[in-house]
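Participant: Below is the structure I would like to discuss, written out as structure tokens.
The values are calculated or read from the model by the stated rules, or taken from the named source; none is laboratory data. The shown structure was predicted, so the numbers you read here are calculated from the model rather than taken from an experiment. Methodologically, a virtual Cβ is constructed for each residue, glycine included, from the backbone with ideal geometry; neighbour enumeration extends over all protein chains shown.
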Amino acid sequence: MGGGKRARRGGTKTVGIIGGIGPESTIEYYRLAIALYRERTGDGSHPSILIDSIDLRRILALVEADRRADLTVFRPETRARFLAIVERMKAQDDVDGVILGGTELPLLLRDQEHAGVPLLDTTRIHVEEIVDRMCS
């Protein structure tokens, strides 16, 4: 049984992160998620977070091949590779959502969910928060 299924029994949701192009951004998402979770729960526990690191060379090669054809279109094979990560996280760890931890990922994965798993577009979340603060 995956970590997500165990965590859910205790009432905690499990989130996956598909890492950004650099490990620094992925580490920052992980660090912030833990800090905010602990701040909100106040019980000193950690959330259940799964990280799928991106092989920079492989991803850049895929994206470059796509962009040579058309800057706005990604090949189905490229999209399928990332969707397979979401499917694996759901099947193995029963994740409740996946953070798209790189600004390029929402361009590739435009749907708001896949296989019943919400895809959390960090760019959109950041902009919505900024606009909310500007309008309040």
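Participant: Report, by residue number, each residue of segment 105-123 that is within 20 Å of A33 (Cβ to Cβ) and in contact with a helix residue (DSSP H, G or I) (Cβ under 8 Å, 6 or more places away or on another chain).
Facilitator: The answer is L105, P106, L109, V117, L119, D121, T122, T123.
Participant: From the set of residues in segment 70-103 that are among the hydrophobic types (A, V, I, L, M, F, W, C) and modelled with pLDDT under 85, which is farthest from L119 (Cα to Cα)? Break it down into steps so the answer makes sense when it comes.
Facilitator: Of all residues in segment 70-103, those among the hydrophobic types (A, V, I, L, M, F, W, C) come to 71, 73-74, 80, 82-86, 89, 91, 95, 98-100.
Now restrict to residues that are modelled with pLDDT under 85: 71, 73-74.
On the way: L71: 23, V73: 19, F74: 18 Å.
Residue satisfying both the conditions and the ranking: L71.
Participant: Condition first: assigned to a loop (DSSP other than H, G, I, E, B) and within 20 Å of D55 (Cβ to Cβ). Now tell me which residues in segment 70-129 satisfy that.
Facilitator: Once the filter is applied, which keeps residues that are assigned to a loop (DSSP other than H, G, I, E, B) and within 20 Å of D55 (Cβ to Cβ), segment 70-129 yields F74, R75, G101, G102, T103, E104, L109.
Participant: Within segment 17-52, track down each residue that is β-branched (V, I, T) and outside any helix (DSSP H, G or I).
Facilitator: I17, I18, I21, I49, I51 - these are the residues of segment 17-52 that are β-branched (V, I, T) and outside any helix (DSSP H, G or I).
Participant: Kindly check whether there is at least one residue in segment 44-63 that is at pLDDT 85 or above, acidic (D, E) and on the phi < 0 side of the Ramachandran plot. Write out each step before concluding.
Facilitator: First pass over segment 44-63, keeping only residues at pLDDT 85 or above: 44-52.
Next, only the ones that are acidic (D, E) stay: 52.
Right, trim to on the phi < 0 side of the Ramachandran plot and you get 52.
Checked against the condition, which is being at pLDDT 85 or above, acidic (D, E) and on the phi < 0 side of the Ramachandran plot, segment 44-63 yields at least one hit.
Participant: I would also like to ask the following. Would you check which residues across segment 1-43 are at pLDDT 90 or above, within 18 Å of T123 (Cβ to Cβ) and not β-branched (V, I, T) and list them?
Facilitator: Matches in segment 1-43: G16 only.
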